[in-house]
Structures are given as C-alpha cells and as structure tokens.
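Input: a single structure, listed below in structure tokens.
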Amino acid sequence: MSESLDASATNADATVAQVIDTIAETTSDVRTAIFTERGHSDSVNPTGDEQLAADLRADEIFEQRLLAIDGVASYASEERADVTTSTGRLHVALDPLDGSSNLEPNSGMGTIFSVYTERPPTSGRNLVASGFVVYGPVTSMLVARDGRVREYLLDDGEKRLVDNDVTLPDEPTVFGFGGGVESWTDEFEPVAEEIREELKLRYGGAMVADINQVLTYGGVFAYPALQSRPEGKLRLQFEGHPMAYIVESAGGRSSNGEGSLLDAEPDEIHERTPLYLGNDELIDRIECAVER
Ligand code: P6P
C-alpha cells in the first residue's frame with residue numbers, strides 16, 4: 001500500500017535530521033583525520049584539485065556513515081567521479097573537506113553538505129536542507145532547513161544550539177573575492193574595485209570560513225567568472241547550491257551572474273559556476289555589471 005503523504009513527509013524529516021546529526025557526530029573524526037593524515041595523496045579529484053590524505057579519509061568516513069542511514073538513497077562527493085547509490089529516498093552531496101589546501105598553514109577548513117529529493121546532477125530547487133561545518137578554533141555547524149538557518153557549536157559529540165535564527169546583517173561590512181585582480185573580467189573588475197573601497201577584506205582560501213564571515217558581518221563573497229575560466233572555479237552541486245540555500249534562507253541573495261544559483265541545474269555533478277553570495281544590494285550591483 002503506498003505511504004500516505006503525511007507519513008512520507010515525516011519519514012523525510014526524520015532522514016534529514018539523521019543526516020544532520022550524523023554529520024555533526026562525524027566532525028570529531030574529521031578533526032582527527034586532519035591531525036593524523038598530514039600527507040599528500042598521489043591522486044586528483046574529478047575537477048583536478050590535488051587530493052590530500054585527509055580529503056580521502058574524510059570522504060571515506062562520511063560515505064560509510066551517511067549511506068548507513070536507511071532513508072539515504074545516494075552519496076555524491078566532490079572527491080568522487082560517480083554517485084554511490086543505496087535504497088532510501090533522499091540524496092546527499094558533500095564537499096567532505098573544503099579548503100584542504102589550508103591544512104598546512106593551519107587555517108580554516110570545513111565540510112559542506114546538501115540534501116536533495118532527486119539524485120545529482122539536479123537543480124537547487126530540489127534541496128530540502130543544506131549546511132556547512134567550520135573546523136576553526138571551535139567546530140561550528142550552520143544548517144538551513146524550512147527557510148531558517150541555525151548555528152550549533154560541536155564538541156566531542158555534543159551539539160549546542162547557539163543561534164536559532166541566523167540572519168544576514170542589513171549593513172554590509174566584509175568582502176572576499178577569489179581569482180585575483182589580474183584574472184577578473186572587464187565586467188567584474190570595476191564593481192569589485194568599488195566594493196573593495198567600501199568594505200573590509202576577508203578572504204582566507206576556504207569558502208566555508210569566508211561565507212561564515214559574510215553571514216556574521218554582512219557583505220559579499222564571490223568567486224567570479226575569470227578571463228581564463230568563464231565558468232569560474234567553484235562547483236555548482238557541492239558548493240554553489242548548498243551555500244545559496246543557506247545565504248538565501250538567512251535573508252541574503254545568490255547569483256551565478258544571471259539569477260539565483262538555486263535555479264541552475266548542472267549537466268554533470270562536477271560542473272563549475274561563477275558564484276556571488278551576500279547582501280541583496282551588493283549582488284544586484286554585481287549582476288548589473290556582469291550579466292551576459
Ligand atoms: P583559490 C577551496 O579549494 C575552494 O574550493 C573554496 O573553498 C575556496 O573559496 C576556493 O577554492 C579558493 O580558491 O583559487 O583562492 O585557492
């Protein structure tokens with residue numbers, strides 16, 4: 001007999017809660033991997049980034065733990081060419097260790113996750129939850145679900161709610177632009193220079209920490225289309241969609257230069273995208289400057 005809609009929704013909610021709790025519980029093992037797996041592997045990920053041993057270990061742990069959840073139907077990862085399938089209904093996509101090039105200088109890194117109703121590649125409109133973890137001085141996790149963003153501090157299995165309604169400040173204060181001035185397009189460079197004069201630079205090489213600055217202080221994060229790389233650097237499925245869902249749920253705006261990143265549907269799971277996230281007025285100025 002088919003499941004009632006109510007029962008199906010309840011089961012989906014339970015699965016989303018289990019995914020979030022599993023990721024929270026796994027963060028202490030990821031911190032251990034960062035501490036113990038200090039080396040380089042001899043492989044690259046599907047988008048050509050060098051894979052550190054910690055990238056591979058984090059990916060292995062998350063795949064095993066998340067596919068063990070009954071309601072999870074598949075696991076997609078920035079570190080893997082293909083999606084691993086299972087028997088549930090919701091689909092999880094992860095950047096297991098975002099910004100792992102920050103491992104050696106001991107700067108911020110993170111985990112980015114998305115929960116979709118459809119198997120990737122899929123539109124951001126099929127998201128039911130997303131979030132990110134920051135492995136900083138303390139481990140924190142932001143979760144966007146049902147139009148609200150909550151922030152937790154995590155310590156050895158304990159999950160403590162510290163903000164029940166994370167909202168982007170109205171007054172922007174910080175900016176972070178990837179790619180470097182010399183690589184920016186003629187369309188982006190002028191508006192970027194304007195914003196550089198108005199706001200304080202906060203760019204650390206891991207988008208989880210930089211986006212967390214924007215959510216805390218207001219402003220904009222961008223990894224724009226580049227002269228040499230019009231598709232930009234960051235991945236739509238693993239970075240664009242989850243971060244757009246979070247920033248938009250916190251009252252901000254996302255764009256790929258034309259419109260919300262959530263409306264973009266990748267042809268393949270590792271597709272890149274130009275990415276602009278932050279206060280509405282700043283995204284509007286950037287869109288007006290770069291729209292194709
Ligand atoms: P660049 C990390 O490798 C990442 O995917 C994002 O987290 C970060 O914002 C960006 O790439 C950094 O790129 O070119 O400044 O090293």
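The values are calculated or read from the model by the stated rules, or taken from the named source; none is laboratory data. For clarity, every value in this text was computed on a predicted model and none was experimentally measured. All Cβ positions, even for glycine, are placed from backbone atoms using ideal geometry, and neighbour counts span all protein chains on display. These area figures cover heavy atoms from the full protein model, side chains too; ligands, DNA and RNA do not enter into them. Shrake-Rupley method; radii C 1.70, N 1.55, O 1.52, S 1.80 Å.
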What number in nm² do you get for the stretch 202-276 if you take the convex hull of its Cα atoms and divide its surface by four? 4.9
So if I restrict to the alpha-carbon atoms in the stretch 151-255, what is the Rg, and what is Dmax, the biggest pairwise distance, in Å? 14.9, 48
Mean ellipticity per residue at 222 nm, deg cm²/dmol - from DSSP H runs of n ≥ 4 across the chain, formula -39500 (n - 2.57): -10000 deg cm²/dmol
Report the convex hull volume per residue for the stretch 110-175, counting only C-alpha atoms, in Å³. 141
Percentage, to the nearest whole number, of Cα pairs in the chain over 32 Å apart: 20
Among DSSP beta bridges lying fully in the chain, give the percent that are antiparallel, nearest 5. 80
Have a look at the DSSP beta bridges in the stretch 1-139 and tell me what percent are antiparallel, nearest 5. 80
How many times 2.2 N^0.38 Å is the alpha carbon radius of gyration of the stretch 19-106? 1.08
Place a +1 charge on the Cβ of each Lys and Arg in the chain and a -1 charge on the Cβ of each Asp and Glu, then give the dipole magnitude about the Cα centre in debye, rounded to the nearest 20. 500
Each label point is 7 Å from the Cα along the Cα-to-Cβ direction; what then is the distance between the points at Glu182 and Thr117, in nm? 4.8
Relative packing of 217-227, 281-291, which averages over residues the other C-beta atoms within 10 Å, highest first: 217-227, 281-291
Keeping every protein chain present and rolling a 1.4 Å probe, give me the accessible area per residue for the stretch 147-281 in Å². 43
For the stretch 1-111, with all protein chains present and a 1.4 Å probe, just round the carbon and sulfur fraction of the accessible area to a whole percent. 48
